[in-house]
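Q: This is the structure, below, for whatever I ask next.
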């Protein structure tokens, strides 16, 4: 009996979690696993890069969950610095090119294929955008390059383009390194992953942290100095001097190969899969991680969410299915949590604009409450915004902005969304209470009570 | 039209929340509200007493959510230091005695009655138990008396009887005040609200905090000195010198009046109600807070849980119903959270012994994981134990012992229990992830994965 051949494209979270799980279930004699990764690193926490850059975490080794050598020791044939350049689905093979070895090209056949090609940073086509001193922060290689720039630079002015998760986390990192930071954001408020009223709270907090945040402004280019390096960022209205420029405009699915092979893509360009994470219409091809669109349990649509925790779950599920077991990924509710210095920012479910786009009618309420009993030391205010469906009262989304203890409270709403609870059902949830942990009415319960009244008052 | 008469027995969380909510819905001309409280304080956080005693919180004023004067300003006729001594249900009236006014007795008629008589501390009938220097910590009056003893005492040795929530919180409070603390516990481990294996983790942590915890020992008496004050606590095996003795053996429902009136009580002695919090079989009598048994959604039995957050919810629901609205209390899942110094302790759902008593067959798994990404500063280990039903895989309970960020994670399980999720469904929950908040697999997800495997491996 010859072993079945599994080929994995992309050696980061989703790809290597799939490889590891498949190996757990199938011996090398039954299943040969070959994984191709074009970068220098494998199985690492890209989400940790801002903390490495900011100096809170030693890197890059600490961010690597499992090295290439460790994977190889478990009978996974991991080929680093090897790019897959073509998928030949008809003949069941992939073409690869070695990036460090004179570009040697090879074909490798597969019985089963896993696509885990990840995402690539949005990088607008603007003058100067490719100049030295302009950095993305998507990969460990990116992180190292940025650190090299920071260490070589005498100046202390940084411009961050984009005030989403990566943007605000990088603003914190650069503040910690003693930079004067300006964040340029196209939307009306930072954190456009929140509704604007909640984003405004983030803006206010960033101001008090000394992070200049310019809102509603489009970047028009990067100015380079006589040395060819970036020295300023221009917008329609102004020019912002910069010793370093960080791009934090989010990512889009990296599906060039999949598109060329005619595989089905969604609106965002992410691969479409079934619940077993198999590419739609394909029997032997799976896809997961930042390159796919996932089912959104709240809106009933697919969407692209690049997040390490999803990538790991996808990999686990793909590996189980590839290895002959059974597992499915039921979908997401859109939970995310982040922080800028001591400000915690979280959301789950739908924003107002998402709910509108999904054809939903809804009420919104916002409450201010404290993380602990008001009298307990360290009680800090937090804002909780809640969206509930008109008439049914079904929870549609929660956004939280606050200090210590605020962010992970979003998990309560994430589980309630998954279970399809109404806001009225949430008012009697039996949540952990003790003065150091919560007021007698947890902020999420306070929000649920107010939302319940709003649903009732809105009538039919 | 004369106003309907509402009488409330007990002026703390449940009673006054009911009064406030009823007042919101009904004007004084429609509903007259009279509340009787035998103590000196109203609407206060008894849960805050350990932090007041420990000096973290200024008391007692900070612990009072609303004063008697504030209630009266909202047209609630609150009579302090007035004890209800008899319920005359046939004639619809209660007999009261003024504690400060020569014991004057009065009868007050009611159309509607709310019983919110709370709980009383367990106080074993032992020699010396009533000596000066032996303190319960159930009421603000108790707290003040304990503080008076602490301030008058020259010694620095404290004995705490009982290592449940109140016991361990009082141990922390006394350690903070510079006492050498010995905790005497009858069970095999402290925190018998956890399974013994999880209680052992608490014991271990208490040892390293310098809190001596003597397990499996029954107190036989309190020794008094020549001044008549407590000076030691004796067990079957030993004598423990004590300048102060704190009783933390839990509470039982205070239902003496209700029992005398023939109202229905459960196994624990708590009042039995319907889902609208009406006393079973009674049209015009409601009960809530520490004096009732609540429906346990996981075991399908009623049980007694004394907790301020439930009392407040009950009061809110009773007030709504008394005021002509509609609200129900669906039940609890048994969530509780506490801490000893920096150790966080939480549970929800059933312990092993509860599950056995409910006739359930189950698997248990325990995992150790970190509160944040392993590489992120401040990542601390936590233990998560999970019980899942045999074959169905339905979540039955979760216990958590860990450091910062451990305790409130129990809310994830509390919502999942309420929704009747299986541990396998929990493995794909979309929980908030970012390195400062969680590893890529949240500890609760790690536990759910292990429990899922255990259910499968247990077969049929």
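Since every read-out is calculated from the coordinates, none of them should be taken as a lab result. For clarity, every value in this text was computed on a predicted model and none was experimentally measured. Here Cβ is always computed from backbone atoms with ideal geometry, including for glycine, and neighbour counts include all displayed protein chains.
Q: Contact order normalised by length for the stretch A:336-458, with contacts defined as Cα pairs under 8 Å and 6 or more residues apart; what percent is it?
A: Working: 264 pairs, mean separation 37.5, N = 123.
Computed value for the stretch A:336-458: 31 percent relative contact order.
Q: As an exercise, use a Förster radius of 35 Å and the Cβ-Cβ distance of residue A:104 and residue A:130 to find the FRET efficiency, rounded to the nearest 0.05. Provide the component values of the computation, followed by the final result.
A: On the way: r = 27 Å, r/R0 = 0.78.
The formula returns an efficiency of 0.80 here.
Q: Another question, then. Rounded to the nearest 5, what % of DSSP beta bridges with both residues in the protein assembly as shown are antiparallel? Provide the component values of the computation, followed by the final result.
A: Numbers: 114 of 178 bridges.
Once the DSSP bridges in the protein assembly as shown are tallied, antiparallel ones form about 65 percent.
Q: Follow-up question, since we're still on this one. Can you sort A:135, B:314 by how many other beta carbons sit within 10 Å, fewest first?
A: Fewest-to-most Cβ neighbours within 10 Å comes out as A:135, B:314.
Q: Take the Cα of residue B:186, step 7 Å along the line toward its Cβ, and report every residue of the stretch B:99-135 whose backbone nitrogen sits under 17 Å from that point.
A: From the stretch B:99-135, the list is B:120-130.
Q: Let me ask you something else. Using a/c under 1.5 as the rounded threshold, could you call the stretch A:1-111 rounded, prolate or oblate? The axes a ≥ b ≥ c are square roots of the C-alpha gyration tensor eigenvalues, and prolate needs a/b larger than b/c, oblate otherwise.
A: On the way: a/c = 2.54, a/b = 1.52, b/c = 1.67.
Oblate, because a/c is 1.5 or more while a/b does not exceed b/c.
Q: To the nearest whole number, what is the average tally of beta carbon atoms from other chains within 10 Å of the beta carbons of peptide B:406-413?
A: Details: counts 0, 5, 13, 3, 4, 14, 5, 2.
That average works out to 6.
Q: Another one. Only counting other Cβ atoms within 10 Å, I'd like A:291, B:47, B:341, A:207 sorted with the fewest neighbours first. List each step's numbers first, then the result.
A: Numbers: A:291 31, B:47 24, B:341 17, A:207 11.
Placing the least packed residue first, the sequence is A:207, B:341, B:47, A:291.
Q: Tell me, what is the Rg over Rh of the stretch B:343-457, with Rh the Kirkwood radius over Cα pairs? Provide the component values of the computation, followed by the final result.
A: Numbers: Rg = 13.4 Å, Rh = 13.9 Å.
With Rh from the inverse mean 1/r over Cα pairs, Rg/Rh is 0.97.
Q: Additional query: Sort all Cα-Cα distances of the stretch B:240-388 into consecutive 5 angstrom bins from zero, then give the percent of pairs in each bin up to the one containing the longest distance.
A: That works out to 2, 8, 13, 16, 15, 13, 12, 10, 7, 3, 1, 0, 0, in percent per bin.
Q: Right, another one. Let me confirm one metric for peptide B:305-316, namely the mean number of other chain beta-carbon atoms within 10 Å of its residues' beta-carbons. Intermediate results must be reported in sequence, preceding the final value.
A: Details: counts 1, 0, 4, 7, 11, 4, 1, 5, 7, 1, 0, 4.
Partner Cβ neighbours, averaged per residue: 4.
Q: In a Debye calculation with equal point scatterers on the alpha-carbon sites of chain B and no solvent, what is log10 I(q)/I(0) at q = 0.07, 0.09, 0.11, 0.14 Å⁻¹?
A: Listed by q, the Debye log ratios stand at -0.40, -0.66, -0.96, -1.35.
Q: Taking a ≥ b ≥ c as the square roots of the Cα gyration tensor eigenvalues, with a/c under 1.5 meaning rounded and otherwise prolate when a/b beats b/c, else oblate, which class fits the stretch B:333-373?
A: Values: a/c = 3.18, a/b = 1.67, b/c = 1.91.
Since a/c reaches 1.5 but b/c is at least a/b, the shape of the stretch B:333-373 is classed as oblate.
Q: So what is the relative contact order for the stretch A:123-249, in percent, with contacts set as C-alpha pairs under 8 Å and at least six apart? Numbers along the way, then the final one.
A: Values: 257 pairs, mean separation 45.3, N = 127.
Rounded, it is 36 percent for the stretch A:123-249.
Q: Could you compute the FRET efficiency for residue A:24 and residue A:283, with r as their C-beta to C-beta distance and R0 at 30 Å, rounded to 0.05? If you can, show how the numbers build up before the last one.
A: Values: r = 23 Å, r/R0 = 0.75.
For R0 = 30 Å, the calculated efficiency reads 0.85.
Q: Using only Cα positions of the stretch A:117-248, each an equal point scatterer, no hydration layer, compute I(q)/I(0) via Debye at q = 0.10 Å⁻¹ and quote the log10 values to two decimals.
A: Debye output, listed in q order: -0.29.
Q: Would you mind ranking A:428, B:226 so that the residue whose beta carbon has the fewest other beta carbons within 10 Å leads the list? If you can, show how the numbers build up before the last one.
A: Values: A:428 22, B:226 6.
Final ranking by Cβ density, sparse to dense: B:226, A:428.
Q: With both partners inside chain A, how many of the DSSP beta bridges are antiparallel, as a percent to the nearest 5? Mind showing how you got there, number by number?
A: On the way: 57 of 89 bridges.
Percentage antiparallel, nearest 5: 65.
Q: Shielding of B:414-423 by partners, i.e. mean partner chain Cβ atoms within 10 Å per residue? Write out the running numbers ahead of the final one.
A: Values: counts 6, 16, 4, 3, 10, 8, 1, 3, 0, 0.
Mean shielding by partner chains, rounded to a whole number: 5.
Q: What is the distance in Å between the Cα centres of the stretch A:389-419 and the stretch B:89-122?
A: Distance between centres, Cα-based: 42 Å.
Q: What is the Rg over Rh value, at two decimals, for the protein assembly as shown, using alpha-carbon atoms and the Kirkwood definition of Rh?
A: On the way: Rg = 30.7 Å, Rh = 30.1 Å.
Radius of gyration over Kirkwood radius for the protein assembly as shown works out to 1.02.
Q: What FRET efficiency comes out for the pair residue B:74/residue B:4, r = Cβ-Cβ distance, R0 = 22 Å, nearest 0.05? All intermediate terms of the calculation are to be shown ahead of the outcome.
A: Details: r = 17 Å, r/R0 = 0.78.
Between residue B:74 and residue B:4 the formula returns 0.80.
Q: Using Cα pairs under 8 angstrom and six or more residues apart, how large is the relative contact order of chain A, in percent?
A: About 14 percent, as a whole number.
Q: Another question, then. From the label point of residue A:217, set 7 Å along Cα to the beta carbon, how far off in nm is each other copy's matching point, shortest first?
A: When each copy's label point is compared with this one, the spacings are 6.9 nm.
Q: First check a/c for the stretch A:255-295, with a ≥ b ≥ c the square roots of the eigenvalues of its C-alpha gyration tensor; if it is under 1.5, answer rounded, and if not, answer prolate when a/b is larger than b/c or oblate otherwise. Show your work: numbers first, answer last.
A: On the way: a/c = 1.67, a/b = 1.12, b/c = 1.49.
Because a/c hits 1.5 or more and a/b fails to exceed b/c, the stretch A:255-295 counts as oblate.
Q: Put a label point 7 Å from Cα along the Cβ direction on residue B:24, then list its distances to the equivalent points in the other copies in nm, shortest first.
A: 4.8
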